[in-house]
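Some notes on the structure that comes next.
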Amino acid sequence: MMNAQALVSSPFHAHLANTNVHSRRPVVALRRRPLPTHQKLTTVYPMAPHATAAAAAIGGKVEKATDRFHVMDFHHVEFWCADAASAAARFSFGLGVPLAAQSDLSTGNTAHASRLLRARSGSLSFLFTAPYAPHVADSATTASLPSFSADAARRFTGTHGGLAVRAMAVRVADAAEAFVASVDAGARPAFAPTDLGHGFGFAEVELAGDSVLRFVSYPDGADVSFLPGFQDVASAGGAPDFGLTRFDHVDVNIPELAPVAANVAGFTGFHKFWEFTADDVCPEESGVNGVVIANNSENVLLSILEPVLGTKLRSHVETFLDHHGGPGIQHLAMTSHDILGALRKIRARSSMGGFELLPPPPASYYDGVRQRAGDVLSEEQIKECQELGVRVDRGYDDGVVLQVFTKPAGDRPTLLLEFIQRIGCMVKDENQQEYQRGGCGGFAKGNVSELIKDIEDNNNKTIDAPASQA
């Protein structure tokens, strides 16, 4: 834990200085389109082009590509849990993401049960995995996930609870190449590259605590929809899809920022996208320092946060570390083309086993929204944001960011879910196809400050004592 001055002089900043990469992209004007008052608030953002092509399409200076290997996009996030079927059912019901594939006893897998949820409207994919009984799973050689260990999964859930993220998976051009490049640059290996068949490559390195960064590679047009060993599942007719599309960013909480951020940025080559200190965004009673790093295309964003200790109140990061039992992945942010429509459906199921949103800010907050974004959002849309508790801010690139968090998703005050929509920053590629530039609106400072306060207010009202005193 460190103050702002110490953070600036940390090894992480030295690493960034040595890469000779700008921490902010060229600023481009927002090409606004009028939003109809009585229609959905929509955004279009297909997968961004890779490497320098993305910067070239912006029309600004092409910055040096820094990724050590080609990172295309998020692929999936995997939870290790006590019961995969029940966890998947809750997420499917609460978020409107249908069951897409499975690997379990019915497919010949006696090591673990896995359920995959995948959005119809995008690439968003959740994988839930649980071990079978020890006398069955411990000697099994039929796991569809080659890195799976039943013993490790039991220890994981014993330490971190029945709902915690084990793996953040990204699609890369070559899993073996990504693994070798990462380890050569300081990553700690978790699982060596392996060929899954059908052109699929698979490897893992350590990320933070017990969580791993997973590399998945496969050719375009692969004849397997997720991973070999998984059987596709035809969702029942009318299975919901609330319009969540993909992961926007993943958030990691750790005790000390500088060494972890320097290590992860160093072995991935990701550049600094944004950073903040407690003085920038936190309530006076608590404190958090953080940095966001990104791949070349800025469609894979990883935020890394540390707590500032010795404050009057514990920050949400300190609360996470206490109750999670150490470092790990704290929240998952999901995008939507129509966040207001998606949130209405999510809220309708919150009291029936879904996920509860944080309380809305006071009505006076939305007077500021009218000033910041009244030229992009209609009055009706601002009122909808107020009703649903959506925070609205504007980034340095003139992009508008809409965000809201859930309350903790499980028994422990650890895992949070975030829903986000980015508006603006529309650019064209070399084929004149329009897409939204990665990370549009950035991590708008006003939103971050308000959301941290929302989360910590909820924690302070619901957590009576530190875990060590429970």
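The values are calculated or read from the model by the stated rules, or taken from the named source; none is laboratory data. All of these numbers come straight from a predicted model, not from anything done at the bench. Note: ideal-geometry Cβ built from the backbone for every residue, glycine included; neighbour counts use all protein chains shown.
Quick rundown of the values:
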quantity: Residue check, L388 at pLDDT 90 or above, in contact with a His (Cβ under 9 Å, 6 or more places away or on another chain) and not aromatic (F, W, Y); calculated: no
quantity: Tally of residues being surrounded by fewer than 23 Cβ atoms within 10 Å (Cβ to Cβ), without any contact (Cβ under 8 Å) to a residue 40 or more places away in the chain and at negative phi across the range 94-116; calculated: 3
quantity: Selection within the range 170-191 - hydrophobic (A, V, I, L, M, F, W, C) and in contact with a helix residue (DSSP H, G or I) (Cβ under 7 Å, 6 or more places away or on another chain); calculated: V172, A185, A187
quantity: Pairs with Cβ under 7 Å, 6+ apart, first in the range 171-200 and touching a residue at least 60 places away in the same chain (Cβ under 8 Å) and farther than 16 Å from N296 by Cβ, second polar (S, T, N, Q) and part of a loop (DSSP other than H, G, I, E, B); calculated: none
quantity: Unique residue being in contact (Cβ under 8 Å) with a residue 12 or more places away in the chain, outside any loop (DSSP other than H, G, I, E, B), surrounded by fewer than 22 Cβ atoms within 10 Å (Cβ to Cβ) and among the aliphatic types (A, V, I, L, M) when the list is A342, A262; calculated: A262
quantity: Candidate set: the range 141-178, residues that are assigned to a helix (DSSP H, G or I) and polar (S, T, N, Q); chosen: the one nearest to D83 (Cα to Cα); calculated: T157
quantity: Any hit, the range 277-289, residues being touching a Lys or Arg at 6+ places or on another chain (Cβ under 7 Å), assigned to a helix (DSSP H, G or I) and modelled with pLDDT under 95; calculated: yes
quantity: Where I304 falls short, out of the listed (1) buried (at least 23 other Cβ atoms within 10 Å of the Cβ); (2) of a type in the set (V, I, T); (3) assigned to a helix (DSSP H, G or I); calculated: (3)
quantity: Selection status of A175, surrounded by 18 or more Cβ atoms within 10 Å (Cβ to Cβ), touching a Pro at 6+ places or on another chain (Cβ under 7 Å), small (G, A, S) and at pLDDT below 95; calculated: no
quantity: Hey, A130 among the small types (G, A, S), at pLDDT 95 or above, in a strand (DSSP E or B) and surrounded by fewer than 23 Cβ atoms within 10 Å (Cβ to Cβ) or not; calculated: no
quantity: The one condition in (1) more than 16 Å from D232 (Cα to Cα); (2) in a strand (DSSP E or B) that L116 fails to fulfil; calculated: (1)
quantity: Selection status of G186, in a strand (DSSP E or B) and modelled with pLDDT of 95 or more; calculated: no
quantity: Test: residue in the range 397-409 that is touching a residue at least 40 places away in the same chain (Cβ under 8 Å) and loosely packed, with under 15 Cβ neighbours inside 10 Å; calculated: no
quantity: Check on D375, surrounded by fewer than 22 Cβ atoms within 10 Å (Cβ to Cβ) and at positive phi; calculated: no
quantity: The lone exception for F202 - which of (1) in a strand (DSSP E or B); (2) closer than 27 Å to R412 by Cβ it fails; calculated: (2)
quantity: Some residue of the range 315-328 being in contact with a helix residue (DSSP H, G or I) (Cβ under 8 Å, 6 or more places away or on another chain), at pLDDT below 90, on the phi < 0 side of the Ramachandran plot and in a loop (DSSP other than H, G, I, E, B); calculated: yes
quantity: Any hit, the range 85-93, residues being touching a residue at least 12 places away in the same chain (Cβ under 8 Å), among the aromatic types (F, W, Y) and assigned to a loop (DSSP other than H, G, I, E, B); calculated: no
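Quick grid of which residues meet (1) buried (at least 21 other Cβ atoms within 10 Å of the Cβ); (2) closer than 30 Å to W274 by Cβ; (3) not assigned by TED's automatic domain parsing to the domain that holds V97:
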position: V180; (1), (2), (3): no, yes, no
position: D184; (1), (2), (3): no, yes, no
position: A187; (1), (2), (3): yes, yes, no
position: F202; (1), (2), (3): yes, no, no
position: L213; (1), (2), (3): yes, yes, no
position: V250; (1), (2), (3): yes, yes, yes
position: P255; (1), (2), (3): no, yes, yes
